[in-house]
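A short worksheet on the structure shown next.
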Amino acid sequence: MRRDRRMGLSVVAVCWSLGVAQLGSQDLPFVGPPAPPPAKDIFTVDQVIHPVVAKLPPPEFVDDIVSIPMAISSRSSLASRHVLQGLAYIQAAWDFEAYRHFCAAVKADPDCLMAYWGIGLALASPNNEFIKQRQIAVMRMIQLVDATTEVNGRKLPVASVMEQKYALALAELFALRGNGRDAFKKLSEDYPNNLQAKCLAIYLQRDGFDDYGPRPKQEAAMREMESVVKENPDNVGVLSFWAMLHAEAPEATTKLRGDILPLVRKAVRKTPDFPPYQHLLGHFEWRCGNHFLAEVALSRASDLYADHMKKHRLSLHECDGWIRSQLYLATAMYSRGRFEEAMEIASNLAKLEVDPARLGSIGANLLLWDAATLSARLYLARGKEGDFGKAIASLPRKDDPFLAKVKDRTLSVFYLECLMQYLECRKELEAGQIDAANKKRMSLSVILSQMKRLRDRATESSSISEYVRAFKGLEVYEAEARGFIALARATTDSQRQIARTWFKSAIEKQQRPSLLMPPVVVSPMEVRLAEFYTGTNNYDQAAASYQAAIRRRPNDLVSLRGYRDSLMRIGRKDEAAEVDKIISAVKK
């Protein structure tokens with residue numbers, strides 16, 4: 001008979017502070033309300049298995065992705081196998097499937113500490129619909145740290161010392177006291193041969209990039225992980241950690257193309273039927289300007305996700321990977337001039353319905369924030385005559401029946417209203433109505449300020465990541481709108497320079513692709529500055545700005561065409577001919 005010895009309240013209290021942003025993100029954490037204690041303090045595994053998961057068929061094993069070994073303490077070999085499979089899914093950022101495997105593990109062995117550890121990590125995204133299950137799972141994990149079981153008359157721990165330290169490290173991470181990263185680092189130092197601990201410790205120390213490259217901790221993490229890759233060159237889990245460390249690096253540099261992309265391709269060759277790695281490959285191919293190859297990978301990811309949904313009876317709320325791959329596929333298509341094909345994907349995504357009862361799901365957030373606005377953002381990027389009106393027509397209206405139901409429950413309504421004001425501003429400018437356009441721009445600024453003040457509310461929602469991405473995109477649009485209005489009103493050179501300043505501000509506000517998602521603002525703002533210089537017959541500066549756009553988005557077709565035309569204007573015909581060859585290759 002197993003017995004539990006309760007840990008001190010200072011540690012147990014950690015378990016109720018589990019509303020935490022995605023590990024390593026810049027989002028603000030939200031400490032959610034504690035889950036109600038189980039009746040009579042009796043734990044059952046059903047309490048950590050959400051009804052959505054409980055009704056699904058058993059998860060399948062994908063042995064090809066399990067590449068980081070670890071001894072799992074359990075009386076059930078099946079439970080151990082599910083834990084290792086769940087860890088492999090976490091390495092691939094497929095958290096829902098990881099959760100399914102950890103749930104299967106606790107059903108096979110209710111005393112498997114690492115299964116509860118895995119549930120806590122798989123459900124770490126902020127304020128999601130599984131928060132109650134996460135809280136209870138981590139409480140159970142803490143209870144098992146010093147629990148024992150009777151074997152042949154002897155009382156033995158249910159978990160190894162290393163697993164106990166894994167549990168306490170995760171508890172520190174959730175406690176938000178700044179010690180979580182140090183705890184995992186200490187864990188990796190105590191167990192230098194445990195590859196899982198080493199990769200997690202390195203990954204958690206990252207602090208991101210600025211406009212000049214990696215910040216100090218990010219650079220250290222990349223350097224340490226590079227050594228791990230050299231020691232494990234064929235390990236798909238290690239390669240995944242390595243790629244994710246570089247996913248948000250500034251512009252597609254030689255390092256991405258020369259050092260990272262080949263290793264991502266290697267991981268895909270080893271696991272060709274695993275959709276997250278196909279999506280990862282599509283992300284890096286697109287960032288390196290290989291738009292056709294990105295299309296191939298993202299199309300493959302979409303098909304694999306669709307097959308998986310059908311086989312396992314999943315809805316879009318449980319398979320956000322399919323939505324992400326479709327959003328990215330449309331962007332890749334647009335980048336090489338396939339506007340109609342991209343728009344077909346966008347239109348189909350906009351027709352998908354969200355279950356109001358599942359607003360806390362990642363899939364619902366992607367549909368509300370990204371899928372509902374993709375058509376409009378593609379029309380914006382193209383910007384032909386009449387496109388702004390078409391973009392406006394593509395957005396949900398204020399009286400949309402669904403939005404009427406969720407208006408008080410989702411911040412996406414503010415995003416939609418800001419987009420609408422921006423589009424109407426551009427439409428008025430297209431019609432030559434400068435004063436009317438400026439009124440729309442002012443309305444945009446007011447609503448954007450209101451949206452900014454809702455940051456605290458956003459941290460309490462499951463859509464904090466979408467909120468941050470959307471808000472940053474709207475800041476770009478606002479600066480761009482100010483530039484257009486200043487240019488429309490300009491009658492002197494000094495007034496035109498005000499417009500240039502705003503276009504430069506829009507450039508500075510752009511964000512790099514994050515969370516393996518395509519950019520919110522589809523067209524690089526350097527193009528806008530280049531068009532400004534073209535309008536003033538300053539073709540040298542226009543060429544330089546188009547070059548900057550190409551550095552940001554390699555082989556973007558609009559940027560390439562503008563660069564070629566600018567080179568022709570300044571007499572650099574040989575270089576223009578070379579660019580024309582690249583254009584032909586991109587369009588194929």
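Is the stretch 503-512 home to any residue that is among the hydrophobic types (A, V, I, L, M, F, W, C) and over 27 Å from Ala431 (Cβ atoms)?
Going through the stretch 503-512, the residues among the hydrophobic types (A, V, I, L, M, F, W, C) turn out to be 503, 506-507.
From what's left, over 27 Å from Ala431 (Cβ atoms): none.
No, that holds for no residue.
Summed over the stretch 156-215, the residues that are assigned to a loop (DSSP other than H, G, I, E, B), crowded, with 17+ Cβ neighbours inside 10 Å and basic (Lys, Arg) give a count of 1.
Screening Tyr546 on (1) surrounded by 18 or more Cβ atoms within 10 Å (Cβ to Cβ); (2) in a helix (DSSP H, G or I); (3) touching a residue at least 24 places away in the same chain (Cβ under 8 Å) shows it passes everything except condition (3). Within the stretch 185-205, the set of residues being within 26 Å of the chain's Cα centre (by Cα) and farther than 21 Å from Val66 by Cβ comprises Lys185, Leu204, Gln205.
Residues in the stretch 209-246 that are within 20 Å of the chain's Cα centre (by Cα) and among the acidic types (Asp, Glu): Asp210, Asp211.
All of Ser445, Ser375, Ser449 fail the test of being crowded, with 18+ Cβ neighbours inside 10 Å and not assigned by TED's automatic domain parsing to the domain that holds Ile323, apart from Ser375.
Could you list, in sequence order, all residues of the stretch 534-566 that are aromatic (Phe, Trp, Tyr) and out of contact with any Ser or Thr (no Cβ under 6 Å at 6 or more places or on another chain)? Within the stretch 534-566, Tyr563 is the sole residue that qualifies.
With respect to Val228, is the statement that it is in contact (Cβ under 8 Å) with a residue 40 or more places away in the chain, out of contact with any Phe, Trp or Tyr (no Cβ under 6 Å at 6 or more places or on another chain) and assigned to a helix (DSSP H, G or I) true?
Working: in contact (Cβ under 8 Å) with a residue 40 or more places away in the chain: no; out of contact with any Phe, Trp or Tyr (no Cβ under 6 Å at 6 or more places or on another chain): yes; assigned to a helix (DSSP H, G or I): yes.
Answer is no for this residue.
So in the stretch 97-120, with the set limited to residues that are touching a residue at least 60 places away in the same chain (Cβ under 8 Å) and part of a loop (DSSP other than H, G, I, E, B), which one is nearest to Tyr166 (Cα to Cα)? Filtering the stretch 97-120 for residues that are touching a residue at least 60 places away in the same chain (Cβ under 8 Å) and part of a loop (DSSP other than H, G, I, E, B), the one nearest to Tyr166 (Cα to Cα) comes out as Asp111. For the stretch 356-396, the candidate set comprises residues that are of a type in the set (Gly, Ala, Ser) and touching a Leu at 6+ places or on another chain (Cβ under 6 Å); within that set, the residue that is farthest from Asn127 (Cα to Cα) is Ala391.
Of all residues in the stretch 333-344, those satisfying the criterion of being in a helix (DSSP H, G or I) and either surrounded by fewer than 24 Cβ atoms within 10 Å (Cβ to Cβ) or in contact (Cβ under 8 Å) with a residue 60 or more places away in the chain (or both) are Tyr334, Ser335, Phe339, Glu340, Glu341, Met343, Glu344. Checked against (1) more than 27 Å from Ala330 (Cα to Cα); (2) among the aromatic types (Phe, Trp, Tyr); (3) surrounded by 22 or more Cβ atoms within 10 Å (Cβ to Cβ), Tyr477 passes all but condition (1). Considering the stretch 348-364, and only residues there that are in a helix (DSSP H, G or I) and touching a residue at least 40 places away in the same chain (Cβ under 8 Å), the residue that is surrounded by the fewest Cβ atoms within 10 Å (Cβ to Cβ) turns out to be Pro356. In a residue-by-residue description of the stretch 271-281, the property of being assigned to a helix (DSSP H, G or I), free of Cβ contacts under 8 Å to residues at least 60 places away in the same chain and more than 18 Å from the chain's Cα centre (by Cα) applies to no position. If you take the residues in the stretch 549-588 that are of a type in the set (D, E, K, R), under 21 Å from Gly383 (Cβ atoms) and not in a helix (DSSP H, G or I), which one is nearest to the chain's Cα centre (by Cα)? Only one residue fits best here, namely Arg553.
Within the stretch 122-141, does at least one residue satisfy the condition of being among the acidic types (Asp, Glu) and in contact with a helix residue (DSSP H, G or I) (Cβ under 6 Å, 6 or more places away or on another chain)? Steps first, please.
Here is the first cut: in the stretch 122-141, the residues among the acidic types (Asp, Glu) are 129.
Within this subset, residues satisfying the condition of being in contact with a helix residue (DSSP H, G or I) (Cβ under 6 Å, 6 or more places away or on another chain) are none.
No.
The values are calculated or read from the model by the stated rules, or taken from the named source; none is laboratory data. Quick caveat, the model's predicted, so the values are computed rather than measured. Don't worry about glycine lacking a Cβ; one is built from the backbone with ideal geometry, like all the others, and counts go over all protein chains shown.
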